[in-house]
1. Looking at the range 58-70, I want the residues that are farther than 22 Å from L329 by Cβ and have a partner that is part of a helix (DSSP H, G or I) and open to solvent by 60 Å² or more (accessible area, probe 1.4 Å) with Cβ atoms under 7 Å, at least 6 apart or on another chain. Which pairs are those?
2. I'm trying to understand the selection: among the residues of the range 31-55, which are of a type in the set (G, A, S) and either on the phi > 0 side of the Ramachandran plot or not in a loop (DSSP other than H, G, I, E, B) (or both)?
3. Please work out which one of (1) in contact with a Leu (Cβ under 9 Å, 6 or more places away or on another chain); (2) closer than 27 Å to M360 by Cβ is the condition I442 fails and give its number.
4. Among (1) at pLDDT below 80; (2) outside any helix (DSSP H, G or I); (3) polar (S, T, N, Q), which single condition is T287 missing?
5. Consider only pairs whose beta carbons are under 8 Å apart and that are at least six residues apart or on different chains; among these, list those whose first residue lies in the range 90-108 and is part of a helix (DSSP H, G or I) and whose second residue is modelled with pLDDT of 85 or more and among the polar types (S, T, N, Q).
6. Going by what's in this entry, would N82 be described as modelled with pLDDT of 80 or more and in a strand (DSSP E or B)?
7. Please specify each residue of the range 162-196 satisfying the condition of being part of a loop (DSSP other than H, G, I, E, B), touching an Asp or Glu at 6+ places or on another chain (Cβ under 8 Å) and either open to solvent by 20 Å² or more (accessible area, probe 1.4 Å) or under 23 Å from I451 (Cβ atoms) (or both).
8. Considering I359, I445, which residue is closer than 24 Å to L322 by Cα, part of a strand (DSSP E or B) and within 19 Å of the chain's Cα centre (by Cα)?
Amino acid sequence: MLSVEVYIVGFVIVFLTQLIITYRWRNPKCNGKLPPGSLGFPFIGECLELIFPAHSHDLHPFIKKRLQRYGPLFRTNIAGRNIVVSADHEFNNYILQQEEKLVVRSYLDLFEKLFKQSGELRPDGLALHKYMKTSALSRFGLECIKKNLLLQFDQLVRSTFHSWSTQDRVDLKHASVAMFGEFGTNQLCISDPETSKQLVDTFINGSSAIMSFPLNIPGTTYYKSLQDKEKVMKMLKEIVDERIASPQDENNYKDDLLSKLIKDIDTVDFVTPEYIIQILFSLMFATFQTIPVAEHEEIIARRKNSDSSVTWEEYKSMTFTLQVVNEALRLGNTIPGFLRKAVKDIKVKGYTIPAGWAIMACHTALHLDPNIYKDPLKFDPSRWKDAKPEFISKNLKPFGGGIKQCAGADFSRASMCIFLHVFVTKYRWTIVEGGEIVQNPIMHIKNGLHISLSEKRD
């Protein structure tokens, strides 16, 4: 039998080890003064409070409470990642202009695993982003919107709405995400309808748990998300391999982004089949994350054919609809902020953000700032009626900012306008159930929004 002394020594060792771990956790190295705040418990930080659901589109209580206590800069830790949360608008604008200088793009643990790149998949950050942005704009930029995307998306919306109207009820949340996802996926890599549907469904299942607690054991939401990611990557690999093996002649050529990427294998150093799979996955993720009747009736009245698709000129004339879209983007803060990682110590307001720490530029605080927006929780599209472009670019940042602003911003606005145009001019709807807003911390609609849709009759 072990002696009492051995038990005592073991207890002392465990106790001292815990003390050392806790001390180092609460007192991280810093060449200066850290912003105020707390790092929570060792290893898990303060993430339990962050993922606790809040039933409002106001700032998440986790962030709001700390801003009130510590001011516009505070430190925290989320699942082992040290983070400085910033609601300082001037500093956030500065940080977003410092891409690949003071900061690089960063993700929380699940995002990191979803988008992790290594070895040959990791070229220079600016070169990679420039290539990805150019590639995305080649399919979703303004010229493509004018040339064909408006027409294609209009046709898809009309056929999808007609299908919805034949059903007793439809979950608008899931069905609309699937519709946008299907359209985006077909712009990236055209495949047969069955494969496309399977790809979209698997992607939706995986991305729905994007902010789950990072516990990678069977049965957890986090584990399932990573498994769904692997399924999507496997399907994309099969699509890419099949396309590369097929002769790219007039009979087999498909007008999508994948065809362009395959051509670039011979001319761009870092473009490989593996990198193409990664870029398709990243752009797919972007496509999944993204009501003024009088104005639309006036547009229809000016047409020779009331059932014709929306033209570029009609889209640009939807001034009130664009105000509605801006207000929806302001209040629909899907994520609490944009993450960057400091590559060197950053001095701000007398504090030091150590190299290696993450910085969350909290754009939700900007969108809900009562000093900028009167009655910020009210949905009021008219607040954008006389807004200058300078005001909008400075104070509305749903797509990020700096050199890495989302390349699909213009298409997102255009597609939302088309969606609303067809919705309010061709259909009537009633809410069956659902619609409860929840943040944990990503904003979503709990249990969906189920509606009954019917065509308007002249």
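The values are calculated or read from the model by the stated rules, or taken from the named source; none is laboratory data. Just so it is clear, the model here is predicted, and its values are computed rather than measured. Methodologically, a virtual Cβ is constructed for each residue, glycine included, from the backbone with ideal geometry; neighbour enumeration extends over all protein chains shown. Please note that ligands, DNA and RNA were not included when accessible areas were found on the heavy atoms of the full protein model with its side chains. Shrake-Rupley method; radii C 1.70, N 1.55, O 1.52, S 1.80 Å.
1. F62/E49
2. G32, G37, G40, G45, A54
3. (1)
4. With (1) at pLDDT below 80; (2) outside any helix (DSSP H, G or I); (3) polar (S, T, N, Q) applied to T287, the lone miss is (2).
5. From the range 90-108, the pairs are N92/S86; I95/S86.
6. So N82 passes the test.
7. I190, the sole residue that qualifies.
8. It is I445.
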